[in-house]
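I have placed the structure first, in the form of structure tokens, so that the comments after it can refer back to it.
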Amino acid sequence: EKIFSGFTKTRDNLAVVDELLLYWNLAETDRVLDELEEVLLVADFGPKITFRIVDKLREDILSGKLKSGAEIKEALKSIVLEFLMKKGNKTELQLGFRKPAVIMIVGVNGGGKTTSLGKLAYRLKSEGAKVLMAAGDTFRAAASDQLEIWAERTGCDIVVGEGEKPKASSVLSRAVKRGKEQGYDIVMCDTSGRLHTNYSLMEELIACKKAVAKVVSGAPNEILLVLDGTTGLNMLPQAREFNDVVGISGLILTKLDGSARGGCVVSVVDELGIPVKFVGVGEGVEDLQPFDAEAFVNAIFS
Ligand code: GDP
């Protein structure tokens, strides 16, 4: 499975955990936990999660609940899994019954927004859905062309901007209208991703949301935030801002095939309380996988 190769860097970082725990005995607890702490920090779990994990392990070791290195490792895995699964996080897409369902993809430029939209469209189309793309990134000149390539590659239809300076919200509005009139199951909306410090982007995203709501009388079914996995914990402030302004229903973490330090996945889920729905593990059409928390934990602590 690609997801397993996807996390090699993280797994390499964490491989030392096994060795560490193999030689654990009660007298060595402090040293072993100090080292474990360091390893988790390097893998980008972030200080908050790391300290909580280590504290919990220490407590269970000292109370006699954990009696061997193997038990400690299992406990470590289940604590991490718990962080990923809490708040009844739904990792599957929630598309409801309204037709068309609307998925908005947001995120900063370069994170993998357009690519992820293309890969997700491919997946949904393979599952039998009639998918329409909307080229809502009207700010970056090449974005529309790039999405058109994905439309061709995946055999999906697309609505692009018209005229000199098309407004993103108008493109989305037209797309959702067409989706409704022509019986599409899903409309997938790309959006602009110029730097989030530029506040007008957030205003534009709000306008996009409203434009969709006006046509289908309801919010988009999913607003997925695409985050570049290689930026590790640095993605947090950015993710918070998007969530505060537009309300994010799920995350797509991209480039986990590269040098991503996968521990940040745990921190992001914990900090934002938003589930990861998909992970990007390459640039091809099939390189987007539904996020499976258990498989993820097994992959990084294998
Ligand atoms: P956007 O500006 O957010 O729309 O980002 P793009 O979709 O244009 O992606 C930026 C670059 O990252 C492109 O070269 C993509 O091929 C690449 N990319 C996107 N997702 C992944 C991924 O999961 N893995 C790898 N290795 N590259 C990716």
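Residue-wise test of (1) touching a helix residue (DSSP H, G or I) at 6+ places or on another chain (Cβ under 9 Å); (2) surrounded by fewer than 23 Cβ atoms within 10 Å (Cβ to Cβ).
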position	(1), (2)
R153	yes, yes
I158	yes, yes
E162	yes, yes
K167	yes, yes
S170	yes, yes
V176	yes, no
G179	yes, no
G183	no, yes
E204	yes, yes
inquiry  = Quick check on my filter: what residues within the stretch 224-240 are open to solvent by 10 Å² or more (accessible area, probe 1.4 Å) and either within 16 Å of the ligand (Cβ to nearest atom) or in contact with a strand residue (DSSP E or B) (Cβ under 8 Å, 6 or more places away or on another chain) (or both)?
reply    = D228, T230, T231, N234, Q238
inquiry  = Which of the numbered conditions does I158 fail, given that it passes all the others? Conditions: (1) more than 13 Å from the ligand (Cβ to nearest atom); (2) in contact with a Phe, Trp or Tyr (Cβ under 6 Å, 6 or more places away or on another chain).
reply    = (2)
request  = Hey, could you check the stretch 282-302 for residues that are of a type in the set (A, V, I, L, M, F, W, C) and in contact with a Leu (Cβ under 9 Å, 6 or more places away or on another chain) and say which is modelled with the highest pLDDT?
outcome  = L288
ask   = Hey, among the residues in the stretch 111-140 that are open to solvent by 60 Å² or more (accessible area, probe 1.4 Å) and either within 12 Å of the ligand (Cβ to nearest atom) or touching a Leu at 6+ places or on another chain (Cβ under 7 Å) (or both), which one's modelled with the highest pLDDT?
value = R123
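Restricting attention to the stretch 258-276, does a residue exist that is within 11 Å of the ligand (Cβ to nearest atom), open to solvent by 10 Å² or more (accessible area, probe 1.4 Å) and touching a helix residue (DSSP H, G or I) at 6+ places or on another chain (Cβ under 7 Å)?
Taking the stretch 258-276 first, the residues within 11 Å of the ligand (Cβ to nearest atom) are 258-260.
From what's left, open to solvent by 10 Å² or more (accessible area, probe 1.4 Å): 258-259.
Next cut, touching a helix residue (DSSP H, G or I) at 6+ places or on another chain (Cβ under 7 Å) only: 258-259.
Taking every residue of the stretch 258-276 in turn, at least one turns out to be within 11 Å of the ligand (Cβ to nearest atom), open to solvent by 10 Å² or more (accessible area, probe 1.4 Å) and touching a helix residue (DSSP H, G or I) at 6+ places or on another chain (Cβ under 7 Å).
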request  = Inspect the stretch 172-190 for any residue being farther than 16 Å from D137 by Cα, free of Cβ contacts under 8 Å to residues at least 40 places away in the same chain and in a helix (DSSP H, G or I) and give the result as yes or no.
outcome  = yes
query = From the list L253, L233, L205, L201, which residue is assigned to a helix (DSSP H, G or I) and touching a Gly at 6+ places or on another chain (Cβ under 6 Å)?
reply = L233
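If only one of G247, G280 is within 16 Å of the ligand (Cβ to nearest atom) and either within 10 Å of the chain's Cα centre (by Cα) or not polar (S, T, N, Q) (or both), which one is it?
G280
Looking at G193, G183, G163 in this structure, which one is within 21 Å of the chain's Cα centre (by Cα) and not aromatic (F, W, Y)? I'd like the intermediate steps shown before the answer.
Numbers: G183 fails: within 21 Å of the chain's Cα centre (by Cα); G163 fails: within 21 Å of the chain's Cα centre (by Cα).
The conditions single out G193.
Quick one: is V102 away from the ligand (no atom under 16 Å from the Cβ), open to solvent by less than 60 Å² (accessible area, probe 1.4 Å), modelled with pLDDT of 95 or more and out of contact with any Asp or Glu (no Cβ under 7 Å at 6 or more places or on another chain)?
On the way: away from the ligand (no atom under 16 Å from the Cβ): yes; open to solvent by less than 60 Å² (accessible area, probe 1.4 Å): yes; modelled with pLDDT of 95 or more: yes; out of contact with any Asp or Glu (no Cβ under 7 Å at 6 or more places or on another chain): yes.
So V102 passes the test.
The values are calculated or read from the model by the stated rules, or taken from the named source; none is laboratory data. As the structure is a prediction and not an experimental result, all values here were calculated from the model. As a convention, Cβ positions derive from the backbone with ideal geometry for all residues, glycine included, and neighbour counts pool all protein chains shown. In case anyone asks, the SASA skips ligands and DNA or RNA and just uses the protein heavy atoms, side chains included. Shrake-Rupley method; radii C 1.70, N 1.55, O 1.52, S 1.80 Å.
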